[in-house]
Amino acid sequence: MKDFYKTLSVRPNATLAEIKRAYREKVKLLHPDSSGDGSKSNEFNEVVQAYRVLSDARQRSIFDESFFIKIRRTYKDADSFNYYDWLKARDDEESRAKFIFYTLMHQKEDEAVAEFKRMQMNHAEFSLKKWFTREDFMDYGYILAEELVIRGEYYDAFILLEQIIKMEYSYQYFYIFFPEVIDFTLTILKKNIDGVISDELALDVYERALDLEFGKAADSFFLRKMSEEYHRLGDDATAEICLRESKKL
């Protein structure tokens, strides 16, 4: 059996977020569609296998036992300079943005989510994407969206994914994980909005979703849900307009 941690180039006590990040980086380098090198298919398959095992809690536990690895889930700063404390003490927007992603990637997911929501609430113009490269924002932003969904923060998760999608549309080509972002966003829109968040926020989400080019079937679904939301809010005229538009699609 191969050492899957070595395959992904991560520590044996790596967090799930770190494993996902390492997997994305490896795949982008090795996938035949992006590298153009078919000779790396075996290495690519090994990376996929390693990720499948290490991203599943039960399979990872079995793998760890087979290698007699004792997993420790505590974070220790190896340097005398404590970057976490330095970021936490700073109030500027860049430092707050970096603090969110730093805590996200160092087993402090609750703190990352809490700080993200605090900044969203208190700073109307706050944006994570302007402080990171396109690739880092997509990777870290996706992981943060996952953490938001775990905590039932569906509106905030959608707004974050919306930013990733619009950013990707502004480029002439997409990275390999863009379909994963689309699928994740559609799952939220179909399962975690209607009847879960307020009617007003749901309308905002569905209206935004119409601009994300998900296709006619998805747009018809959004318009139908908007019709239902308007009916509940007592605006029957607008509800009928949305329903007619949905049927046209």
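Normalised by the number of residues in region 131-220, what is the relative contact order in percent for Cα pairs under 8 Å and 6+ residues apart?
Relative contact order, region 131-220: 26 percent.
Can you give me the accessible area per residue for the chain, using a 1.4 Å probe, in Å²?
Per residue, the chain has an accessible area of 55 Å².
Across the chain, where is the longest run that never hits trypsin sites (Lys or Arg not before Pro) in a DSSP loop with at most 16 other C-beta atoms within 10 Å?
With trypsin sites (Lys or Arg not before Pro) excluded where exposed in loops, the chain gives 152-249 as its longest stretch.
Using a Förster radius of 25 Å, what is the FRET efficiency between N122 and L233 based on their Cβ-Cβ separation? Nearest 0.05, please.
0.35
Mind listing which GluC sites (Glu not before Pro) in region 158-249 are in a DSSP loop and have 16 or fewer other Cβ atoms within 10 Å?
E213
What is region 107-199 by shape, rounded, prolate or oblate, if you read a ≥ b ≥ c off the alpha carbon gyration tensor as root eigenvalues and call it rounded for a/c under 1.5, prolate for a/b larger than b/c, and oblate otherwise?
oblate
Tell me which lysines have Cα within less than 17 Å of K20's Cα, excluding those fewer than 8 residues away on the same chain?
K6, K28, K108
Just one of [x] 124; [y] 115; [z] 154 is volume of the Cα convex hull per residue in Å³ calculated from these coordinates, so which is it?
Structure-derived value, by its label: [z].
Extending each Cα 7 Å along its Cβ direction at A57 and L249, get the distance between those two points in nm, one decimal.
Going from the A57 label point to the L249 one covers 3.6 nm.
In terms of Cα to Cα distance under 19 Å, which lysines are near enough to K130, apart from those fewer than 8 places away along the same chain?
Straight-distance partners of K130: K98, K117, K166.
Using Cα-Cα distances under 8 Å and only pairs 6 or more residues apart, what relative contact order does the chain have, in percent?
11 percent
At R0 = 45 Å, how high is the FRET efficiency between E213 and D92 if r is their beta carbon distance? Nearest 0.05 is fine.
With a Förster radius of 45 Å, E is 0.80.
Pulled fully out, how much extra length does the chain show between I241 and T187, if you take 0.36 nm times their separation in residues and subtract their Cα-Cα distance?
Net length gain for the segment: 16.9 nm.
Check the straight Cα-Cα distances from K216 and name the aspartates and glutamates below 16 Å, setting aside those fewer than 8 residues away within the same chain.
List returned: D183, E207, E245.
The values are calculated or read from the model by the stated rules, or taken from the named source; none is laboratory data. Just so it is clear, the model here is predicted, and its values are computed rather than measured. Ideal geometry is used to build each Cβ from the backbone, glycine not excepted, and the neighbour counts take in all protein chains shown. Surface areas here come from the heavy atoms of the whole protein model, side chains and all, with no ligands, DNA or RNA. Shrake-Rupley method; radii C 1.70, N 1.55, O 1.52, S 1.80 Å.
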